[in-house]
Amino acid sequence: MKWVANLLALSLAAPYGFAGTVTVTARDPAGNALEDLVVWAMPKGASAPPRVRPAMVEQRDKTFIPLVTVIQAGTLVSFPNRDDIRHHVYSFSPAKRFEIKLYAGTPVDPIAFDRAGEVVLGCNIHDHMVAYVYVVETPWFGKTGKDGAVRIEGLPAGDYDINAWYYAQDARPIPVGVKLRADESATAAFTVGRRAMPPRPAPK
């Protein structure tokens with residue numbers, strides 16, 4: 001499809017000055033800002049180009065840092081252990097099953113995440129250690145900060161579905177459609193209910 005080829009060419013060649021931006025805000029039903037909500041823009045009727053960058057999930061003070069990581073499918077993720085004790089990292093999630101048995105320091109080989117979806121991380125030694133990797137099939141993604149907002153930049157002109165996922169969501173948010181022209185900005189807002197989650201120990 002000629003339109004698909006044009007979209008891909010624009011995504012790789014167009015400078016930010018001629019690309020679109022979507023600002024996303026997220027709240028819970030009580031109006032509180034939601035931090036760590038994952039958002040991503042999927043072009044309608046086209047495949048998003050690969051633009052993967054390595055990622056890292058640390059273990060520090062018996063805690064995974066960050067709590068939520070969002071990556072594009074195909075990304076290599078390393079799991080350095082910054083503690084002076086050993087950890088055993090694993091996931092049983094359908095999107096990525098793996099384990100790194102008891103180790104200290106940084107494993108030689110990172111883990112490739114090549115399938116979209118939610119990946120829940122755990123440690124076989126410390127049951128309270130939980131974190132999340134969310135894998136998307138687009139290079140246009142981000143996660144909200146403490147203010148419940150995030151900007152997705154560098155979007156070529158076109159039609160997009162703005163999707164969202166929250167690690168403690170009680171229901172999957174409905175995507176928001178946006179149409180962008182070159183150098184145009186748009187907004188999207190999500191209200192997401194939260195289910196009860198166990199408290200997360202704060203790093204020392």
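The values are calculated or read from the model by the stated rules, or taken from the named source; none is laboratory data. As the structure is a prediction and not an experimental result, all values here were calculated from the model. For neighbour counting, all protein chains shown are included, and Cβ atoms are generated from backbone atoms with ideal geometry for every residue, glycine included.
Give the number of residues within the stretch 158-176 that are touching a Lys or Arg at 6+ places or on another chain (Cβ under 8 Å) and surrounded by fewer than 19 Cβ atoms within 10 Å (Cβ to Cβ).
Taking the stretch 158-176 first, the residues touching a Lys or Arg at 6+ places or on another chain (Cβ under 8 Å) are 158-161, 165-166, 168-170.
With surrounded by fewer than 19 Cβ atoms within 10 Å (Cβ to Cβ) added as a condition, the list becomes 159, 161, 168-170.
Count: 5.
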Conditions: (1) closer than 21 Å to Y160 by Cβ; (2) modelled with pLDDT under 95. A41 meets all but one. Number of the miss? (2)
Flagged in the stretch 134-192 as closer than 18 Å to A55 by Cβ and among the basic types (K, R), in numbering order, are K143
Taking P139 as the residue in question, decide whether it is part of a loop (DSSP other than H, G, I, E, B), in contact with a Leu (Cβ under 9 Å, 6 or more places away or on another chain) and not hydrophobic (A, V, I, L, M, F, W, C). no
Answer yes if at least one residue in the stretch 110-130 is surrounded by 19 or more Cβ atoms within 10 Å (Cβ to Cβ), free of Cβ contacts under 8 Å to residues at least 60 places away in the same chain, of a type outside the set (D, E) and farther than 23 Å from E35 by Cβ, and no otherwise. yes
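Can P203 be described as in a loop (DSSP other than H, G, I, E, B), of a type outside the set (K, R) and modelled with pLDDT of 95 or more? If you could, list the steps in order and put the result at the bottom.
Values: in a loop (DSSP other than H, G, I, E, B): yes; of a type outside the set (K, R): yes; modelled with pLDDT of 95 or more: no.
When the stated conditions are applied, P203 does not pass them.
Mind checking which residues of the stretch 56-79 are among the hydrophobic types (A, V, I, L, M, F, W, C) and farther than 29 Å from L180 by Cα? Spell out the reasoning first.
First, pick out the residues of the stretch 56-79 that are among the hydrophobic types (A, V, I, L, M, F, W, C): 56-57, 64-65, 67-68, 70-71, 73, 76-77, 79.
Of everything in the stretch 56-79, those that are among the hydrophobic types (A, V, I, L, M, F, W, C) and farther than 29 Å from L180 by Cα turn out to be M56, V57, F64, I65, L67, L76, V77, F79.
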Residues to consider are T191, T187; find the one that is in contact (Cβ under 8 Å) with a residue 40 or more places away in the chain, touching a Lys or Arg at 6+ places or on another chain (Cβ under 6 Å) and within 17 Å of L34 (Cα to Cα). T191
Considering each residue of the stretch 147-198, count those that are closer than 20 Å to G45 by Cα, β-branched (V, I, T) and not in a loop (DSSP other than H, G, I, E, B), and give that number. 4
Exactly one of these conditions fails for V24: (1) in a strand (DSSP E or B); (2) among the β-branched types (V, I, T); (3) modelled with pLDDT under 95. Give me its number. (3)
Out of the strands (runs of 3 or more DSSP E) lying entirely within the stretch 50-126, which hold 3 or more residues that are modelled with pLDDT of 95 or more and among the hydrophobic types (A, V, I, L, M, F, W, C)? 68-72, 111-113, 117-123
